[in-house]
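**Q** Encoded as structure tokens, here's the structure I'll be asking about.
The values are calculated or read from the model by the stated rules, or taken from the named source; none is laboratory data. Bear in mind that the values here come from a model prediction, so they are computed numbers and not experimental data. Quick reminder, even Gly has a Cβ in these numbers, built from the backbone with ideal geometry, and neighbours come from all protein chains shown. Heavy atoms of the whole protein, side chains included, go into the accessibility calculation; ligands, DNA and RNA do not. Shrake-Rupley method; radii C 1.70, N 1.55, O 1.52, S 1.80 Å.
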Amino acid sequence: MVDTETFVPEAIEEIEDEIGDANAVIALSGGVDSSVAAALAYESIGDQLTPVYVDTGLMRKGETDQIRETFDYMDSLQIVDAKDRFLDALEGVIDPEEKRKIIGEQFIREFEREATEADADYLVQGTIYPDRIESEGGIKSHHNVGGLPDVVDFDGIVEPVRDLYKDEVREVARHLDLDEIVAERMPFPGPGLAVRVIGEVTEEKLEVARDACHVVEEELEEYEPWQALAAVIGKATGVKGDNRVHGWVVSVRSVESRDGMTARAQEIDWETLQRIQSRITGQNENVARVVYDVTHKPPATIEYE
């Protein structure tokens, strides 16, 4: 495990050494990785830092409001509504790797735009060690590593938690006294709900995934999963009322893990699973079926794309 007493002052000093008297923007998502990176950078360079949260339209339910509430102490916080730009860029795209690369490039372009406004030369990111392993190993491109475009208009990209695993990042978050909702929050993918929608990303599928993920997180909270989620994986026939429908299939997934490199599917009791399916199918007339994913990692990954 990370020695937080040593890591924190060293990370703060490293950020100051890399950025110096320049300005920087921090890619803030609300997850523990970017939140820790933001807290370290804010402690290091203060008013030289502009936190930027990009609302991609791919975020979980209530995310933007949560960001405003959690980080209101950062006066320079910028919230960017980029939903239309992201969805336009993803239109017609089916391949998972292409999705990730498009999202990675779009993120960078948004941060470049905000950096121009803030006269910033550096980008701070919450990249962690598993992101680099999976991207460099060809498992999948993370939007902030393998998904980055070849040409980036920054003097440098600063990644203060790049050598930490997720559980170590949480230790640093606790050491920094970050809110529990940040420090203990389950992981959420950088590309957002785009990787929980199989095939083309559409507003309809995003709404189904967003509502279903919210149900799953609520219902499985007592199981304390490493990660719990729902994904829209296709269509199948079903019956709603007296009518036959061809509706969405939602797959529910809940796993235990230490660092995200491997994971085991959780055993969830039948009553809870039935309650989940009842809520998901009941609140969306276009959902025909709910299934539960029992696959470990490996052979599966935790996310669907």
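**Q** Which condition from (1) over 21 Å from Tyr165 (Cα atoms); (2) surrounded by fewer than 23 Cβ atoms within 10 Å (Cβ to Cβ) is the one that Val255 breaks?
**A** (1)
**Q** For the stretch 71-87, indicate whether the set of residues that are surrounded by 15 or more Cβ atoms within 10 Å (Cβ to Cβ), part of a strand (DSSP E or B), touching a Ser or Thr at 6+ places or on another chain (Cβ under 9 Å) and of a type outside the set (A, V, I, L, M) is non-empty.
**A** Yes, the stretch 71-87 has at least one match.
**Q** Of everything in the stretch 151-202, what is out of contact with any Lys or Arg (no Cβ under 8 Å at 6 or more places or on another chain), acidic (Asp, Glu) and not in a loop (DSSP other than H, G, I, E, B)? Give them in sequence order.
**A** Glu168, Glu171, Glu180
**Q** Could you please let me know if Arg196 is surrounded by 22 or more Cβ atoms within 10 Å (Cβ to Cβ) and touching a residue at least 12 places away in the same chain (Cβ under 8 Å)? I'd like the intermediate steps shown before the answer.
**A** On the way: surrounded by 22 or more Cβ atoms within 10 Å (Cβ to Cβ): yes; touching a residue at least 12 places away in the same chain (Cβ under 8 Å): yes.
Here the answer is yes, as Arg196 does meet what is asked.
**Q** Using beta carbons and a limit of 7 Å, which pairs, at least six apart or on different chains, have the first residue in the stretch 208-228 and hydroxyl-bearing (Ser, Thr, Tyr) and the second one open to solvent by less than 30 Å² (accessible area, probe 1.4 Å)?
**A** Close Cβ pairs (under 7 Å, with a partner that is open to solvent by less than 30 Å² (accessible area, probe 1.4 Å)) amount to Tyr223/Ser254; Tyr223/Gln266; Tyr223/Ile268.
**Q** Could you tell me whether Glu222 is out of contact with any helix residue (DSSP H, G or I) (no Cβ under 6 Å at 6 or more places or on another chain), within 25 Å of Leu28 (Cα to Cα) and exposed (fewer than 14 other Cβ atoms within 10 Å of the Cβ)? Reasoning before the result, please.
**A** Numbers: out of contact with any helix residue (DSSP H, G or I) (no Cβ under 6 Å at 6 or more places or on another chain): yes; within 25 Å of Leu28 (Cα to Cα): no; exposed (fewer than 14 other Cβ atoms within 10 Å of the Cβ): yes.
No: the conditions fail for Glu222.
**Q** Against the definition (at pLDDT 90 or above and not aliphatic (A, V, I, L, M)), how does Asp211 come out, yes or no?
**A** yes
**Q** Please verify whether the stretch 24-40 includes one or more residues that are surrounded by 17 or more Cβ atoms within 10 Å (Cβ to Cβ) and over 20 Å from the mean Cα position of the chain (by Cα).
**A** Of the residues in the stretch 24-40, the ones surrounded by 17 or more Cβ atoms within 10 Å (Cβ to Cβ) are 24-40.
Subsequent filtering for residues that are over 20 Å from the mean Cα position of the chain (by Cα) retains 24.
Yes: the stretch 24-40 contains one or more residues that are surrounded by 17 or more Cβ atoms within 10 Å (Cβ to Cβ) and over 20 Å from the mean Cα position of the chain (by Cα).
**Q** How about the stretch 10-45: which of its residues are of a type outside the set (A, V, I, L, M, F, W, C), in a helix (DSSP H, G or I) and at pLDDT below 95?
**A** Answer for the stretch 10-45, where residues must be of a type outside the set (A, V, I, L, M, F, W, C), in a helix (DSSP H, G or I) and at pLDDT below 95: Asp33, Ser34, Ser35, Tyr42, Glu43.
**Q** Got a sec? Which of Glu203, Glu217 is out of contact with any strand residue (DSSP E or B) (no Cβ under 7 Å at 6 or more places or on another chain) and either open to solvent by less than 70 Å² (accessible area, probe 1.4 Å) or among the charged types (D, E, K, R) (or both)? Please lay out each step first, then the result.
**A** Working: Glu217 fails: out of contact with any strand residue (DSSP E or B) (no Cβ under 7 Å at 6 or more places or on another chain).
Answer to the check: Glu203.
**Q** crowded, with 17+ Cβ neighbours inside 10 Å, at pLDDT 95 or above and of a type in the set (Asp, Glu): does that describe Glu114?
**A** Values: crowded, with 17+ Cβ neighbours inside 10 Å: yes; at pLDDT 95 or above: no; of a type in the set (Asp, Glu): yes.
The answer is no for Glu114.
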